[in-house]
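The values are calculated or read from the model by the stated rules, or taken from the named source; none is laboratory data. Being a predicted model, the structure only gives us computed values, none of them experimental. Counting neighbours? That spans all protein chains shown, and the Cβs are built from the backbone with ideal geometry, glycine included.
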Amino acid sequence: MTLGWNVGHVNGTVYFFKEGGGGGFHSEMRLYPEKDIASVVMVNSTVFNSTKFLNRMDRTFWSEN
């Protein structure tokens with residue numbers, strides 16, 4: 001656990017994120033301040049690539065805003 005958020009970017013858009021994981025699950029939360037959206041993914045798999053998934057899925061919401 002940490003008190004801070006990590007900083008990432010996808011296609012030049014900055015986001016803040018927290019990843020989690022443990023016995024059989026993986027999750028990631030993202031906040032996009034410039035886009036006024038947030039996303040969360042939670043899966044029952046420790047090998048699921050949440051970063052790759054959210055990089056692809058989050059862009060679909062950008063085009064709608």
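What to note about this one:
- Condition broken by Phe48, with the remaining ones in (1) part of a loop (DSSP other than H, G, I, E, B); (2) surrounded by 12 or more Cβ atoms within 10 Å (Cβ to Cβ); (3) modelled with pLDDT of 90 or more satisfied: (3)
A quick yes/no check of all residues on (1) surrounded by 12 or more Cβ atoms within 10 Å (Cβ to Cβ); (2) in a loop (DSSP other than H, G, I, E, B); (3) out of contact with any Pro (no Cβ under 7 Å at 6 or more places or on another chain); (4) not hydrophobic (A, V, I, L, M, F, W, C):
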position: His9; (1), (2), (3), (4): no, no, yes, yes
position: Glu19; (1), (2), (3), (4): yes, no, yes, yes
position: Val41; (1), (2), (3), (4): yes, no, yes, no
position: Lys52; (1), (2), (3), (4): no, no, yes, yes
position: Asp58; (1), (2), (3), (4): yes, no, yes, yes
position: Phe61; (1), (2), (3), (4): yes, no, yes, no
